[in-house]
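What follows is a single structure, written as structure tokens, with notes after it.
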Amino acid sequence: MNKKKNLVVISSPSGGGKSTIAKYLLGLYPNLKFSVSATTRTKRPNEKEGIDYYFLTKEIFKKKIENDELVEYEEIFGNYYGTLKSEIEKSKQYGYSLVFDIDVKGALSIRKFFPNDSLLIFLSPPNMAALEERLRKRSTETTEQINIRLSRAKMELSLREEFDYDLINDDLNSTLKTVEKIVTKFVIV
């Protein structure tokens with residue numbers, strides 16, 4: 001892994017800290033831009049179209065699948081999530097690096113299509129109890145939704161060895177500094 005990369009993929013189970021880490025990196029490096037994913041889930045109150053996600057109907061999302069406009073996509077918790085090819089093409093055209101805040105399977109799809117350009121970082125929770133506590137503190141899902149996310153987390157944790165780095169996110173400041181060192185070493189920033 002000595003070649004510089006231009007696709008930084010941060011992944012974790014829901015509540016694992018991927019959004020926090022991605023935002024930190026974006027604040028550090030002006031040449032690093034957020035890869036805005038598409039989703040069919042409902043927009044949360046603090047989210048903005050084209051900044052946090054491209055919020056699409058299921059019909060439009062399925063049309064994009066049919067038209068081969070996505071690098072990766074998956075249906076999670078009844079909603080579709082995916083990365084538009086146009087996001088990566090734009091980064092290459094304008095010469096900036098991208099940071100992705102995506103699920104585990106999406107991360108592995110990015111690696112499959114862009115093996116020489118991607119750096120995959122997995123954030124593991126210290127344990128399942130800590131992950132559950134983080135999800136409950138967010139207050140964005142029902143108990144049933146949290147239980148579904150915790151169940152999925154077990155599958156996601158089983159794939160962490162597929163990543164370039166697996167960091168236990170038990171101390172945020174330490175994790176931020178470690179990710180910063182990794183990105184500075186391997187990413188075009």
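Key figures
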quantity: Residue identified as under 16 Å from Ser11 (Cα atoms) and basic (Lys, Arg) among Arg138, Arg111; calculated: Arg111
quantity: Qualifying residue in region 84-94 (condition: assigned to a strand (DSSP E or B), buried (at least 19 other Cβ atoms within 10 Å of the Cβ) and either on the phi > 0 side of the Ramachandran plot or at pLDDT 90 or above (or both)); calculated: yes
quantity: Where a residue in region 27-49 is in contact (Cβ under 8 Å) with a residue 40 or more places away in the chain and more than 20 Å from Lys85 (Cα to Cα) and its partner, wherever it lies, is among the hydroxyl-bearing types (Ser, Thr, Tyr) and surrounded by fewer than 19 Cβ atoms within 10 Å (Cβ to Cβ), with Cβ under 9 Å and at least six apart; calculated: Leu28/Thr184; Tyr29/Thr184; Arg44/Thr140
quantity: Among the residues listed as Leu123, Leu119, the single one being closer than 30 Å to Glu144 by Cβ, in a strand (DSSP E or B), touching a strand residue (DSSP E or B) at 6+ places or on another chain (Cβ under 7 Å) and not basic (Lys, Arg); calculated: Leu123
quantity: Pair list, Cβ < 6 Å and 6+ apart or interchain, from region 74-87 residues that are under 17 Å from Leu7 (Cβ atoms) to residues that are aromatic (Phe, Trp, Tyr); calculated: Gly82/Tyr73
quantity: Which numbered condition Ser109 fails, given (1) modelled with pLDDT of 90 or more; (2) part of a loop (DSSP other than H, G, I, E, B); (3) of a type in the set (Ser, Thr, Tyr); calculated: (2)
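The values are calculated or read from the model by the stated rules, or taken from the named source; none is laboratory data. Since this is a predicted model, take the numbers as computed values, not measurements. Note: ideal-geometry Cβ built from the backbone for every residue, glycine included; neighbour counts use all protein chains shown.
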